[in-house]
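Everything on this sheet refers to the single structure shown next.
The values are calculated or read from the model by the stated rules, or taken from the named source; none is laboratory data. What you are looking at is a predicted structure, and each value in this text was computed from that prediction instead of being measured. Cβ coordinates were reconstructed from backbone atoms using ideal geometry, including for glycine residues, and neighbour counts include every protein chain displayed.
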Amino acid sequence: MKDTVLLAYIAFDLVFAIMGTVMLIMALNMQSQISMSPNIENVARNLLLNSCPLKAAVANGILILATFLMTVPAIAMPRARGLLKLTGYFVFVCAVFTMVIGLTIWFKTLKTRNNLLSIWTAQDVSTQSLLQTKFKCCGYINSTSPAFVVDNICPDPTIAAARLGCVFPFSAYANKFLDVIFTAFFGIVGVDALFILSTAILLKDRKEQARYRQIFEKKAGNGF
């Protein structure tokens, strides 16, 4: 008869490993994108990625994969309940780590405009011009606060004053972009929670099997 409890645990274990692999690859890929020269297509995305805790995401991805490797002997050795319990604790740590990263990004969306103002003022005029070109806007709050950069979109004060400040399209873009990222992290936490639950169920199942085994061995020793 198939051990459905163990099969369910293995299924969640594999999903857990896949999530860790995806997180690690995506974080490393995003880090490499940040180092690319800015252009109209990537300037806003890279500025937002630069404000995300990507190093923490890389560390978390590595921790998840290391925890997955720990589950292999725990699966192969049914009597090693201590190791299985230890992996459960590590999965919990991974879940908390992932939750903290997701919450960090989520908190940024609560004060998007202030955060983007800091990002905007920290950029040189060429990057600000790229943002103006991408979003077809002038200045940040408006054309004078901070002052717009003269370019093809904002060639003079009159045209610049007629356009919206970049805070409106930039913040809308940032919220959509960051929403996808922190939602993905919260989704991974959900997978971790199910994996922890399956670990607890497998621990209980193995504990019962060990008790039945002890009863059987005791009866066998007494000649029953």
Notebook entry, point to check: Say we look at the stretch 142-184 and pick out the residues that are over 21 Å from the mean Cα position of the chain (by Cα) and of a type in the set (S, T, N, Q); which of these is surrounded by the most Cβ atoms within 10 Å (Cβ to Cβ)?
Noted result: SER143
Note to self: Checking GLY82 against (1) loosely packed, with under 12 Cβ neighbours inside 10 Å; (2) at pLDDT 95 or above, only one condition comes out false. Which one?
What the structure shows: (2)
Notebook entry, point to check: Going by the conditions given, is ALA44 surrounded by 15 or more Cβ atoms within 10 Å (Cβ to Cβ), touching an Asp or Glu at 6+ places or on another chain (Cβ under 6 Å) and either in a helix (DSSP H, G or I) or among the basic types (Lys, Arg) (or both)?
Noted result: no
Next item on the list: Tell me which residues, restricted to the stretch 63-97, are more than 19 Å from ASP3 (Cβ to Cβ), out of contact with any Phe, Trp or Tyr (no Cβ under 9 Å at 6 or more places or on another chain) and either touching a residue at least 40 places away in the same chain (Cβ under 8 Å) or among the charged types (D, E, K, R) (or both).
Entry: LEU65, PHE92, PHE97
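Among the residues in the stretch 112-120, are any among the basic types (Lys, Arg) and under 28 Å from the mean Cα position of the chain (by Cα)?
Keep residues of the stretch 112-120 that are among the basic types (Lys, Arg), which gives 113.
Pick out the ones that are also under 28 Å from the mean Cα position of the chain (by Cα) and you get 113.
Yes, the stretch 112-120 contains a residue that is among the basic types (Lys, Arg) and under 28 Å from the mean Cα position of the chain (by Cα).
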Margin query: Need a quick list: helices (runs of 4 or more DSSP H) entirely within the stretch 110-169 having at least 1 residues that are closer than 15 Å to ASN39 by Cα and touching a residue at least 24 places away in the same chain (Cβ under 8 Å).
Written below: 125-135
Next item on the list: Taking only the stretch 37-49 into account, find how many residues are free of Cβ contacts under 8 Å to residues at least 60 places away in the same chain and either touching a helix residue (DSSP H, G or I) at 6+ places or on another chain (Cβ under 6 Å) or within 25 Å of VAL93 (Cα to Cα) (or both).
Entry: 2
Notebook entry, point to check: Out of the residues in the stretch 1-36 that are of a type in the set (Ser, Thr, Tyr) and free of Cβ contacts under 8 Å to residues at least 12 places away in the same chain, which is farthest from MET99 (Cα to Cα)?
Noted result: THR4
Next item on the list: Scan the stretch 69-88 and give yes if some residue there is assigned to a helix (DSSP H, G or I) and charged (D, E, K, R), otherwise no.
Entry: yes
